[in-house]
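Visitor: Below is a structure I'd like to ask you about.
Readers should treat all values here as calculations from the given coordinates under stated rules, not as data from a laboratory. Keep in mind the model is a prediction, meaning the values are calculated, not measured. Glycine also receives a Cβ, built like all others from the backbone with ideal geometry; neighbour counts cover every protein chain displayed.
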Amino acid sequence: MPELPDVEVFRRRLAATGLHRQVADVEVHDTSLPREVSRQRLQKVITGHELKRTRRHGKHLFAAVSCGQWLVLHFGLTGLLEYHRDGEPDDDHTRLTLRFGDGSRVAYVDQRRLGFVSLTPDVDAYVEHEPLGPDALEVSQAALRDLLRSRRGAVKSVLMDQTVIAGIGNIYSDEILFQAGVDPRAPARSLDDAACRRIHRQLRRVLQMAADRSVDVSRMPRGWLLPHREDRAPCPRGNGEVRRFRLSGRGAFYCPACQAS
DNA sequence: AGTACCACCTGACGGC
DNA sequence: TGCCGTCAGGTGGTAC
């Protein structure tokens with residue numbers, strides 16, 4: 001689930017509920033969650049401090065701790081961030097809890113445990129070290145064109161490559177290419193200027209709209225592919241049928257009529 | 001530089 | 001009811 005729009009929703013949630021409040025207690029329920037940092041250090045760095053601000057880069061969420069470190073959150077396949085008031089029950093699969101003095105808390109939940117948390121002193125250095133490409137919403141039209149043409153693979157694979165552009169996964173790469181009318185298997189290197197412009201415009205529109213509507217599928221516009229991710233589902237624009245195929249091991253969906261190459 | 005495949009985990013779902 | 005295969009939106013390693 002967690003692609004750029006999902007993580008942006010988590011970021012906004014954290015910014016609205018978790019900043020400028022002293023963290024009274026840090027519970028690490030899953031010892032395999034912290035990456036390249038011990039549970040003890042994670043607890044020591046955060047307990048008694050405040051979260052001061054948030055940043056997001058692609059699918060990574062960062063929160064500045066008042067001691068100078070940044071908390072790093074990655075959500076894997078099933079991770080999410082919740083806020084609970086005192087007395088509200090914990091979700092099953094809660095892996096990390098930041099508890100405030102009044103009993104309310106921010107909870108990191110991850111059913112399949114493919115996500116992780118970490119610490120870093122410097123977000124820019126972390127992004128460079130991963131390495132992650134520029135955040136998808138920060139890429140100019142010309143930069144996107146150059147990035148796409150710098151790679152040989154299928155345009156869908158290139159859009160999903162976090163070292164090229166950060167934030168786009170399987171779902172939204174399909175949506176962007178459907179909206180742009182581009183065949184997901186088209187070689188990225190072969191895209192003409194008009195196709196690159198359409199991809200850039202739709203990338204921004206799709207990711208921003210999904211985040212602004214809290215990634216609620218029922219609030220997505222008619223004409224989006226997202227609710228039609230099923231082989232032989234009707235094309236949302238009435239042009240025949242959506243088809244499923246495999247691209248480097250991932251299930252991909254597209255409309256052969258709308259996205260002819 | 002590509003892609004294919006497996007692994008990491010856990011769970012849901014359909015077929016028998 | 002239970003067992004089995006398949007699938008899942010992320011990432012990373014390996015082999016070709």
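Visitor: Relative to the Cα centre, what is the charge dipole magnitude of chain A, using +1 at the beta carbon of each Lys and Arg, -1 at the beta carbon of each Asp and Glu, and rounding to the nearest 20 debye? Kindly include the intermediate steps, with their values, before the conclusion.
Guide: Values: 41 positive and 34 negative charges, 160 e Å.
Roughly 760 debye, rounded to the nearest 20.
Visitor: Here is a further query. For chain A, what's the radius of gyration and Dmax over Cα atoms, in angstrom?
Guide: Rg, Dmax (Cα atoms, Å): 19.7, 58.
Visitor: If you don't mind, there's one more thing I want to ask. Roughly speaking, what is the centre-to-centre gap between the stretch A:199-261 and the stretch A:35-87 when only Cα atoms are used, to the nearest Å?
Guide: The two parts, judged by their Cα centres, are 32 Å apart.
Visitor: List the trypsin sites (Lys or Arg not before Pro) within the stretch A:14-59 that DSSP assigns to loop and that have no more than 14 neighbouring Cβ atoms inside 10 Å. Write out the running numbers ahead of the final one.
Guide: Working: sites: A:21, A:35, A:39, A:41, A:44, A:52, A:53, A:55, A:56, A:59; in loops: A:21, A:35, A:59.
In loop regions of the stretch A:14-59 (DSSP not H, G, I, E or B), the sparsely surrounded trypsin sites (Lys or Arg not before Pro) are A:35.
Visitor: Once you list every other residue whose beta carbon is under 12 Å from the beta carbon of residue A:184, what net charge do they have if Lys and Arg are +1 and Asp and Glu are -1? The partial results should precede the final answer.
Guide: Numbers: positive: A:156, A:185, A:243, A:244, A:246, A:250; negative: A:174, A:175, A:183.
Surrounding charge for residue A:184 is +3.
Visitor: Follow-up. Sort A:83, A:254, A:126 by Cβ crowding within 10 Å, fewest neighbours at the top.
Guide: Working: A:83 15, A:254 22, A:126 19.
Least crowded to most crowded, the residues run A:83, A:126, A:254.
Visitor: Another question about this same structure. Can you show me the helix-derived [θ] at 222 nm for chain A, built from DSSP H runs with n ≥ 4 at -39,500 (n - 2.57) apiece and divided by the number of residues, rounded to the nearest 500.
Guide: On the way: 7 runs with 75 residues, N = 261.
Rounded to the nearest 500, the figure is -8500 deg cm²/dmol.
Visitor: Of A:66, A:40, A:96, which is farthest along the charge dipole of the stretch A:40-110 in the positive direction, counting Lys and Arg as +1 and Asp and Glu as -1 at C-beta?
Guide: With unit charges placed on the Cβ atoms, the residue in question is A:66.
Visitor: Name the shape class, rounded, prolate or oblate, that the alpha-carbon gyration tensor gives for the stretch A:208-260, where a ≥ b ≥ c are the square roots of its eigenvalues, rounded holds for a/c under 1.5, and otherwise prolate holds if a/b is larger than b/c and oblate otherwise. Walk me through the numbers before you get to the answer.
Guide: On the way: a/c = 2.31, a/b = 1.43, b/c = 1.61.
The shape class here is oblate.
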